[in-house]
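Below is one structure, written out as C-alpha coordinates; the observations come after it.
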Amino acid sequence: MEYYLKDLLKPLRPGSSQLPPSPPRQSDASCSSRALTPTPLKGPLPGKCLKTFVDISESIKPGYKRSLADMSVSKGSTILRTFSSLCGGGWLGVTEMSPSSLLDPLLGGGGGDVKDKRHFDYLCYLIWRAAGAQVEGGEGRAELLAGVGGVLARFILTDQVVGVKNIEGGTFSEVVKGRFGEVLRAFEGAGLVEAYGVQGGDGRKGRENVFEPFDEFDDEDFEVGREVNLVIEIKRPAWLTSALQINGESSLFSPDFITTTLKESLQGTFVGVRPVHTYFIDDVYRPNPTEYFPTSELLQFTMYKIPNQMD
(Lines give C-alpha, C1' and ligand atoms only; values in the text may rest on other atoms or scores of the structure.)
Protein backbone atom coordinates (compact mmCIF):
# COMPACT_ATOMS: atom_id res chain seq x y z
CA MET A 1 0.00 0.00 0.00
CA GLU A 2 2.75 2.44 0.92
CA TYR A 3 4.64 1.65 -2.28
CA TYR A 4 1.48 2.14 -4.33
CA LEU A 5 0.79 5.57 -2.87
CA LYS A 6 4.36 6.77 -3.31
CA ASP A 7 4.40 5.54 -6.90
CA LEU A 8 1.00 7.08 -7.63
CA LEU A 9 1.71 10.57 -6.33
CA LYS A 10 5.25 11.19 -7.48
CA PRO A 11 5.71 13.41 -10.56
CA LEU A 12 6.58 11.72 -13.83
CA ARG A 13 10.29 12.07 -14.62
CA PRO A 14 12.28 11.52 -17.81
CA GLY A 15 12.96 7.85 -18.20
CA SER A 16 10.29 6.90 -15.67
CA SER A 17 9.15 3.31 -15.91
CA GLN A 18 5.58 4.40 -15.19
CA LEU A 19 4.89 5.07 -18.87
CA PRO A 20 6.56 3.10 -21.67
CA PRO A 21 7.97 4.88 -24.72
CA SER A 22 5.45 3.19 -27.00
CA PRO A 23 1.84 4.43 -27.09
CA PRO A 24 0.88 3.90 -23.45
CA ARG A 25 -2.04 1.75 -22.40
CA GLN A 26 -2.71 4.34 -19.70
CA SER A 27 -3.95 6.76 -22.33
CA ASP A 28 -7.14 4.72 -22.66
CA ALA A 29 -8.35 6.30 -19.44
CA SER A 30 -8.43 9.81 -20.85
CA CYS A 31 -10.81 8.68 -23.59
CA SER A 32 -12.94 6.70 -21.12
CA SER A 33 -15.50 4.01 -21.90
CA ARG A 34 -17.31 6.57 -24.07
CA ALA A 35 -14.41 6.56 -26.54
CA LEU A 36 -16.57 6.17 -29.64
CA THR A 37 -19.13 8.74 -28.52
CA PRO A 38 -18.55 12.25 -29.90
CA THR A 39 -17.08 14.52 -27.24
CA PRO A 40 -17.87 18.11 -28.22
CA LEU A 41 -15.95 21.25 -27.35
CA LYS A 42 -17.83 24.54 -27.05
CA GLY A 43 -17.16 28.19 -27.74
CA PRO A 44 -13.98 29.98 -28.82
CA LEU A 45 -11.67 28.93 -25.97
CA PRO A 46 -10.42 25.58 -27.41
CA GLY A 47 -9.34 27.20 -30.68
CA LYS A 48 -7.87 30.15 -28.79
CA CYS A 49 -5.69 27.77 -26.76
CA LEU A 50 -4.24 26.05 -29.82
CA LYS A 51 -3.79 29.13 -31.99
CA THR A 52 -2.17 31.09 -29.17
CA PHE A 53 0.35 28.32 -28.55
CA VAL A 54 1.21 28.11 -32.26
CA ASP A 55 1.47 31.88 -32.76
CA ILE A 56 3.67 32.48 -29.71
CA SER A 57 5.89 29.52 -30.64
CA GLU A 58 6.36 31.10 -34.08
CA SER A 59 7.21 34.48 -32.55
CA ILE A 60 9.84 32.92 -30.26
CA LYS A 61 11.25 30.61 -32.92
CA PRO A 62 10.52 31.76 -36.50
CA GLY A 63 10.00 28.70 -38.66
CA TYR A 64 8.05 26.85 -35.99
CA LYS A 65 4.90 26.66 -38.16
CA ARG A 66 6.92 25.13 -41.00
CA SER A 67 8.38 22.61 -38.57
CA LEU A 68 4.87 21.78 -37.35
CA ALA A 69 3.67 21.22 -40.91
CA ASP A 70 6.70 19.04 -41.67
CA MET A 71 6.08 16.94 -38.55
CA SER A 72 2.47 16.47 -39.60
CA VAL A 73 3.64 15.14 -42.95
CA SER A 74 6.41 12.89 -41.63
CA LYS A 75 4.78 11.59 -38.45
CA GLY A 76 1.15 12.60 -38.63
CA SER A 77 -0.18 9.32 -39.99
CA THR A 78 1.52 7.25 -37.30
CA ILE A 79 0.34 9.61 -34.56
CA LEU A 80 -3.17 9.63 -36.02
CA ARG A 81 -3.33 5.82 -35.95
CA THR A 82 -2.35 5.90 -32.28
CA PHE A 83 -4.97 8.47 -31.31
CA SER A 84 -7.67 6.89 -33.47
CA SER A 85 -7.06 3.44 -31.99
CA LEU A 86 -7.12 4.80 -28.43
CA CYS A 87 -9.96 7.28 -28.77
CA GLY A 88 -11.91 6.30 -31.84
CA GLY A 89 -12.12 7.98 -35.22
CA GLY A 90 -14.77 10.07 -36.94
CA TRP A 91 -14.16 13.19 -34.89
CA LEU A 92 -16.70 16.02 -34.71
CA GLY A 93 -16.22 18.78 -37.28
CA VAL A 94 -13.72 16.72 -39.30
CA THR A 95 -14.67 15.64 -42.81
CA GLU A 96 -11.37 13.96 -43.68
CA MET A 97 -9.28 11.99 -41.18
CA SER A 98 -5.92 12.89 -42.67
CA PRO A 99 -2.96 14.70 -41.05
CA SER A 100 -3.19 17.69 -43.39
CA SER A 101 -6.93 18.09 -42.88
CA LEU A 102 -6.66 17.76 -39.10
CA LEU A 103 -3.95 20.43 -38.96
CA ASP A 104 -5.90 22.81 -41.18
CA PRO A 105 -7.58 24.72 -38.32
CA LEU A 106 -4.14 25.85 -37.15
CA LEU A 107 -2.27 26.43 -40.40
CA GLY A 108 -4.97 26.57 -43.07
CA GLY A 109 -6.77 29.73 -42.09
CA GLY A 110 -9.49 27.92 -40.19
CA GLY A 111 -9.26 30.23 -37.19
CA GLY A 112 -8.37 27.42 -34.83
CA ASP A 113 -11.91 26.03 -34.76
CA VAL A 114 -11.74 22.56 -33.18
CA LYS A 115 -15.01 20.92 -32.17
CA ASP A 116 -13.96 17.50 -30.88
CA LYS A 117 -12.04 16.77 -27.67
CA ARG A 118 -10.07 13.96 -29.33
CA HIS A 119 -9.07 16.20 -32.24
CA PHE A 120 -7.88 18.78 -29.70
CA ASP A 121 -5.81 16.13 -27.90
CA TYR A 122 -4.22 14.97 -31.17
CA LEU A 123 -3.26 18.55 -32.06
CA CYS A 124 -1.83 19.09 -28.57
CA TYR A 125 0.59 16.25 -29.21
CA LEU A 126 1.74 17.74 -32.51
CA ILE A 127 2.15 21.34 -31.38
CA TRP A 128 3.98 20.40 -28.17
CA ARG A 129 6.34 17.95 -29.86
CA ALA A 130 7.17 20.53 -32.50
CA ALA A 131 7.75 23.14 -29.80
CA GLY A 132 9.92 20.72 -27.85
CA ALA A 133 12.18 20.39 -30.88
CA GLN A 134 12.20 24.08 -31.84
CA VAL A 135 11.95 26.05 -28.57
CA GLU A 136 14.92 24.75 -26.64
CA GLY A 137 16.01 25.52 -23.11
CA GLY A 138 14.06 26.18 -19.96
CA GLU A 139 13.89 29.94 -20.41
CA GLY A 140 12.42 29.75 -23.90
CA ARG A 141 9.82 27.21 -22.87
CA ALA A 142 8.94 29.18 -19.74
CA GLU A 143 8.49 32.29 -21.91
CA LEU A 144 6.24 30.32 -24.26
CA LEU A 145 4.01 28.95 -21.51
CA ALA A 146 3.80 32.27 -19.66
CA GLY A 147 2.86 34.00 -22.91
CA VAL A 148 0.14 31.46 -23.66
CA GLY A 149 -1.21 31.62 -20.11
CA GLY A 150 -1.25 35.42 -20.15
CA VAL A 151 -3.21 35.61 -23.39
CA LEU A 152 -5.73 33.00 -22.26
CA ALA A 153 -6.17 34.58 -18.82
CA ARG A 154 -6.89 37.99 -20.35
CA PHE A 155 -9.24 36.37 -22.85
CA ILE A 156 -11.20 34.65 -20.09
CA LEU A 157 -11.27 37.57 -17.67
CA THR A 158 -12.99 39.85 -20.17
CA ASP A 159 -16.41 39.87 -21.79
CA GLN A 160 -15.15 37.67 -24.64
CA VAL A 161 -15.89 34.52 -22.64
CA VAL A 162 -17.54 35.01 -19.27
CA GLY A 163 -18.35 38.69 -19.02
CA VAL A 164 -16.51 41.30 -16.99
CA LYS A 165 -16.79 40.42 -13.32
CA ASN A 166 -15.97 42.29 -10.14
CA ILE A 167 -13.08 40.00 -9.26
CA GLU A 168 -10.52 42.46 -7.97
CA GLY A 169 -11.46 41.79 -4.35
CA GLY A 170 -9.54 43.08 -1.36
CA THR A 171 -8.33 39.97 0.42
CA PHE A 172 -6.10 37.14 -0.68
CA SER A 173 -8.98 34.64 -0.77
CA GLU A 174 -11.22 36.99 -2.75
CA VAL A 175 -8.57 37.62 -5.40
CA VAL A 176 -7.67 33.96 -5.90
CA LYS A 177 -11.25 32.73 -5.72
CA GLY A 178 -12.35 35.34 -8.24
CA ARG A 179 -9.62 34.83 -10.82
CA PHE A 180 -9.10 31.08 -10.47
CA GLY A 181 -12.83 30.54 -10.31
CA GLU A 182 -13.43 32.28 -13.64
CA VAL A 183 -10.63 30.33 -15.34
CA LEU A 184 -11.86 26.98 -14.03
CA ARG A 185 -15.45 27.68 -15.04
CA ALA A 186 -14.36 28.77 -18.52
CA PHE A 187 -12.35 25.59 -19.13
CA GLU A 188 -15.15 23.38 -17.81
CA GLY A 189 -17.80 25.27 -19.79
CA ALA A 190 -15.80 24.84 -23.00
CA GLY A 191 -15.52 21.08 -22.47
CA LEU A 192 -11.74 21.26 -22.04
CA VAL A 193 -12.00 19.64 -18.61
CA GLU A 194 -14.70 17.28 -17.42
CA ALA A 195 -14.73 18.65 -13.89
CA TYR A 196 -12.61 20.35 -11.25
CA GLY A 197 -12.49 20.50 -7.49
CA VAL A 198 -10.42 21.45 -4.46
CA GLN A 199 -8.58 18.74 -2.55
CA GLY A 200 -8.02 19.30 1.15
CA GLY A 201 -4.82 18.67 3.08
CA ASP A 202 -6.32 15.43 4.40
CA GLY A 203 -6.91 14.18 0.85
CA ARG A 204 -10.65 14.77 0.95
CA LYS A 205 -12.21 16.13 -2.21
CA GLY A 206 -14.49 19.13 -2.28
CA ARG A 207 -17.68 19.27 -4.29
CA GLU A 208 -17.27 18.84 -8.02
CA ASN A 209 -17.20 22.08 -10.03
CA VAL A 210 -17.38 24.17 -6.85
CA PHE A 211 -14.37 26.35 -6.06
CA GLU A 212 -14.34 27.11 -2.34
CA PRO A 213 -10.63 26.93 -1.58
CA PHE A 214 -9.97 28.97 1.56
CA ASP A 215 -11.15 29.99 5.02
CA GLU A 216 -10.42 32.95 7.31
CA PHE A 217 -7.27 31.27 8.64
CA ASP A 218 -5.73 31.25 5.15
CA ASP A 219 -6.24 35.01 4.86
CA GLU A 220 -4.61 35.50 8.25
CA ASP A 221 -1.63 33.32 7.33
CA PHE A 222 -1.20 35.14 4.04
CA GLU A 223 -1.30 38.59 5.67
CA VAL A 224 1.49 37.74 8.12
CA GLY A 225 3.71 36.41 5.34
CA ARG A 226 3.10 32.68 5.46
CA GLU A 227 2.76 30.67 2.28
CA VAL A 228 -0.63 29.15 1.50
CA ASN A 229 -1.04 25.87 -0.39
CA LEU A 230 -3.86 24.96 -2.74
CA VAL A 231 -4.42 21.64 -4.52
CA ILE A 232 -6.84 21.51 -7.44
CA GLU A 233 -7.93 18.31 -9.16
CA ILE A 234 -8.60 18.55 -12.90
CA LYS A 235 -10.63 15.60 -14.13
CA ARG A 236 -10.09 14.30 -17.66
CA PRO A 237 -8.49 17.37 -19.27
CA ALA A 238 -8.68 17.43 -23.06
CA TRP A 239 -4.88 17.14 -23.34
CA LEU A 240 -4.49 14.08 -21.07
CA THR A 241 -3.69 11.48 -23.73
CA SER A 242 -1.06 13.67 -25.39
CA ALA A 243 0.48 14.62 -22.03
CA LEU A 244 0.80 10.97 -21.00
CA GLN A 245 2.20 10.02 -24.38
CA ILE A 246 4.85 12.74 -24.33
CA ASN A 247 5.80 11.93 -20.74
CA GLY A 248 6.14 8.31 -21.83
CA GLU A 249 8.62 9.51 -24.46
CA SER A 250 10.81 10.89 -21.64
CA SER A 251 9.91 14.56 -21.86
CA LEU A 252 8.61 16.80 -19.07
CA PHE A 253 7.57 19.48 -21.58
CA SER A 254 4.07 18.16 -22.15
CA PRO A 255 0.62 19.62 -22.86
CA ASP A 256 -1.21 21.55 -20.15
CA PHE A 257 -3.13 24.77 -20.76
CA ILE A 258 -4.90 25.29 -17.46
CA THR A 259 -1.92 25.47 -15.08
CA THR A 260 -0.23 28.37 -16.81
CA THR A 261 -3.56 30.16 -17.34
CA LEU A 262 -4.38 29.94 -13.64
CA LYS A 263 -0.93 31.17 -12.67
CA GLU A 264 -0.94 34.06 -15.13
CA SER A 265 -4.44 35.11 -14.06
CA LEU A 266 -2.83 36.49 -10.89
CA GLN A 267 -0.57 38.90 -12.77
CA GLY A 268 -1.03 42.45 -11.50
CA THR A 269 -2.19 41.31 -8.06
CA PHE A 270 -0.30 41.03 -4.78
CA VAL A 271 -0.39 37.21 -4.97
CA GLY A 272 2.71 35.39 -6.16
CA VAL A 273 2.93 31.72 -7.13
CA ARG A 274 5.86 29.35 -6.72
CA PRO A 275 6.54 26.78 -9.48
CA VAL A 276 3.45 24.59 -9.74
CA HIS A 277 3.79 20.84 -9.16
CA THR A 278 1.67 18.59 -11.37
CA TYR A 279 0.80 14.94 -10.74
CA PHE A 280 -1.16 12.42 -12.80
CA ILE A 281 -3.47 10.32 -10.66
CA ASP A 282 -5.81 7.38 -10.98
CA ASP A 283 -8.99 7.74 -8.95
CA VAL A 284 -9.40 3.96 -8.70
CA TYR A 285 -7.20 1.88 -6.40
CA ARG A 286 -5.35 -0.92 -8.23
CA PRO A 287 -3.18 -3.46 -6.37
CA ASN A 288 -0.40 -3.30 -8.97
CA PRO A 289 1.13 0.24 -8.98
CA THR A 290 2.63 -0.26 -12.45
CA GLU A 291 -0.80 -0.74 -14.03
CA TYR A 292 -2.59 2.42 -13.15
CA PHE A 293 -4.78 4.46 -15.49
CA PRO A 294 -4.46 8.22 -14.92
CA THR A 295 -7.74 10.06 -15.26
CA SER A 296 -6.93 13.37 -13.56
CA GLU A 297 -4.22 15.90 -12.81
CA LEU A 298 -3.47 17.34 -9.40
CA LEU A 299 -2.13 20.90 -9.49
CA GLN A 300 -0.32 21.97 -6.33
CA PHE A 301 -0.04 25.76 -5.95
CA THR A 302 2.04 27.50 -3.28
CA MET A 303 1.11 31.18 -2.95
CA TYR A 304 2.84 34.05 -1.19
CA LYS A 305 2.42 37.79 -0.70
CA ILE A 306 4.55 39.82 -3.10
CA PRO A 307 6.81 41.97 -0.87
CA ASN A 308 6.78 45.15 -2.93
CA GLN A 309 3.01 45.18 -2.91
CA MET A 310 2.55 44.70 0.81
CA ASP A 311 0.58 47.37 2.63
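The values are calculated or read from the model by the stated rules, or taken from the named source; none is laboratory data. Keep in mind the model is a prediction, meaning the values are calculated, not measured. All Cβ positions, glycine included, derive from the backbone under ideal geometry; neighbour counts span all protein chains shown. Note: accessible area is taken over every heavy atom of the protein model, side chains too, but ligands, DNA and RNA are not part of it. Shrake-Rupley method; radii C 1.70, N 1.55, O 1.52, S 1.80 Å.
Details
Matching residues to (1) modelled with pLDDT of 95 or more; (2) open to solvent by 20 Å² or more (accessible area, probe 1.4 Å); (3) not in a loop (DSSP other than H, G, I, E, B):
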| site | (1), (2), (3) |
| --- | --- |
| Gly90 | no, yes, no |
| Glu96 | no, yes, no |
| Ser101 | no, yes, yes |
| Trp128 | yes, no, yes |
| Ala146 | yes, yes, yes |
| Leu152 | yes, no, yes |
| Lys165 | no, yes, no |
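- Segment 61-88 - residue that is within 24 Å of the chain's Cα centre (by Cα) and outside any helix (DSSP H, G or I) and, of those, nearest to Leu123 (Cα to Cα): Gly88
- Val231, sole failed condition from (1) of a type outside the set (Phe, Trp, Tyr); (2) at pLDDT below 90; (3) at negative phi: (2)
- Out of Ile60, Ile56, sole residue that is at pLDDT 85 or above, buried (at least 21 other Cβ atoms within 10 Å of the Cβ), farther than 27 Å from Pro287 by Cβ and of a type outside the set (S, T, N, Q): Ile56
- Qualifying residue in segment 234-246 (condition: of a type in the set (A, V, I, L, M) and free of Cβ contacts under 8 Å to residues at least 40 places away in the same chain): no
- The set of residues in segment 274-311 that are open to solvent by less than 40 Å² (accessible area, probe 1.4 Å) and under 21 Å from Ala186 (Cα atoms) comprises Val276, Thr295, Ser296, Glu297, Leu298, Leu299, Phe301.
- Residues that are under 30 Å from Tyr125 (Cβ atoms), open to solvent by 20 Å² or more (accessible area, probe 1.4 Å) and assigned to a strand (DSSP E or B), drawn from segment 207-232: Val231
- Among residues of segment 233-271, those that are under 14 Å from the mean Cα position of the chain (by Cα), hydrophobic (A, V, I, L, M, F, W, C) and part of a loop (DSSP other than H, G, I, E, B), counted: 5
- Across segment 292-309, the qualifying residues are those that are under 30 Å from Gly248 (Cβ atoms) and of a type outside the set (A, V, I, L, M, F, W, C), and the one among them that is modelled with the lowest pLDDT is Tyr292.
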